[in-house]
Structures are given as structure tokens and as C-alpha cells.
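No lab work stands behind these numbers, since they all come straight from the coordinates. All figures in this text were calculated on a predicted structure; none of them were measured in a lab. So basically every Cβ, Gly included, is an ideal-geometry build from the backbone, and we count neighbours across all protein chains shown.
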Amino acid sequence: MNVLVTGGSGSGKSAFAEKVIHALCPSEKLYLATMLCRDRESEIRIQRHRQMRAGRHFITLDCPKQLPSAPVPRGASVLLEDLPNLLANEMYEDGHPDNLLTDLRQLAGICSNLVIVTGEIFSDGIAYDSSTQEYIRRLAHLNCTLASFFDCTVEVLCGIPVPLRGTLPFPV
């Protein structure tokens, strides 16, 4: 099953995504971590996410870019956290953002279960510079495309999961 989980910053989407992947696969699963540790704030966020996963049968693989290089075995259950970081790393760290959709489709094709956490960053109404606008455009395109072929898309609002498309593997 492929599930896309979206929501704003601090909405509870990461905790919910972990609940989804655990319901799909209570045994060992992969956590593809995309955040680069650049400062104290990112270090704190990474530590918080590691604590959330403690004792939940995750093997963590750091994968800030170049998704095809991640050693994901066929049939694995994977939680990718998160798409906005992965896209930013590909765009601004000499990556290959044009290949990202193909890479995500390939990952979905080899996984038994894939849960991707993404973000809702499109409604603040601020006019950004052209580079940021391009990032926002690309993330919107990725989100819309993944939502169109994933089994389920859920938005998390204030910790409450709101199914947008498909059926979750457990009641909400």
C-alpha cells in the first residue's frame, strides 16, 4: 500500500505516518531520513524523530538525496520522511530534482508498503523569490502526482487525520 501524508508544520503528520506504516508492517521496516543536519534546530528535530521511532522496529537510512542509491530491498516497508527536505536537497545541494518523480515511482514499485510524508506549504500568500517559487511549484507537482497514483492520501490537521483519497489500513 502506498500512502501520502501531508499537513502543515507541527500538524502531527510524522507521528501519524509512523502509525500508518506500523499498522501496515508491525515488524522491521525502513525509515528513509532526508533531513540534513545543518544546525541546532535540525539536530533537535532529528533527535525528536529518533525518539518517536524508538522501539518501533525501524532501521534508519540517511538519504538526503539520490534516492536510487538507498539500499531498499524489494518488498520492504518504507517510511520516507520527508519529501520537502528531499526536494530541497536535490535542488540546492547539486542533486537531480528533475529525476525525483521517476525515483519515487521506482521506490513505490519495489516496496510492499511506502508511506511518504510531505508538507502543505502553499497557502501563506507570500510572494517569494524565483528560486523559492520554483521549489514550491515542484513540490506541488510532486504532491499532486503522488496523490493521483497512491492508494491513499491523508491530510493531518491539528493532529486529526483527514482522508482525502482512498482508505486507510485502520479506522481514524
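Stretched out fully, how many nm does the piece from residue 60 to residue 162 gain, at 0.36 nm a residue minus the Cα gap? Walk me through the numbers before you get to the answer.
Details: separation 102, 0.36 × 102 = 36.72 nm, distance 2.74 nm.
Using 0.36 nm per residue and subtracting the Cα-Cα distance, I get 34.0 nm.
Is it possible to state the helix-based mean residue ellipticity at 222 nm for the chain, with each DSSP H run of 4+ residues giving -39500 (n - 2.57), the sum divided by total residues, to the nearest 500 deg cm²/dmol? What is it? If you can, show how the numbers build up before the last one.
Working: 5 runs with 67 residues, N = 172.
Computed mean residue ellipticity for the chain: -12500 deg cm²/dmol.
Given the peptides 163-172, 29-38, arrange them by the average over their residues of other C-beta atoms within 10 Å, most packed first.
29-38, 163-172
Hey, what's the per residue convex hull volume over the C-alpha atoms of region 18-172, in cubic angstrom?
So the per-residue hull volume is 127 Å³.
Sort 90, 43, 120 so that the residue with the fewest other Cβ atoms within 10 Å of its own Cβ comes first and the one with the most comes last.
Fewest-to-most ranking of 90, 43, 120: 43, 120, 90.
Sticking with the crude label model, points 7 Å out along Cα→Cβ, report the distance from residue 43 to residue 136 in nm, one decimal please.
3.2
So if R0 is 41 Å, what FRET efficiency would residue 151 and residue 50 give, r being the distance between their Cβ atoms, rounded to the nearest 0.05?
0.90
Using Cα pairs closer than 8 Å and at least 6 residues apart in sequence, work out the relative contact order for the chain, in percent.
This gives 36 percent for the chain.
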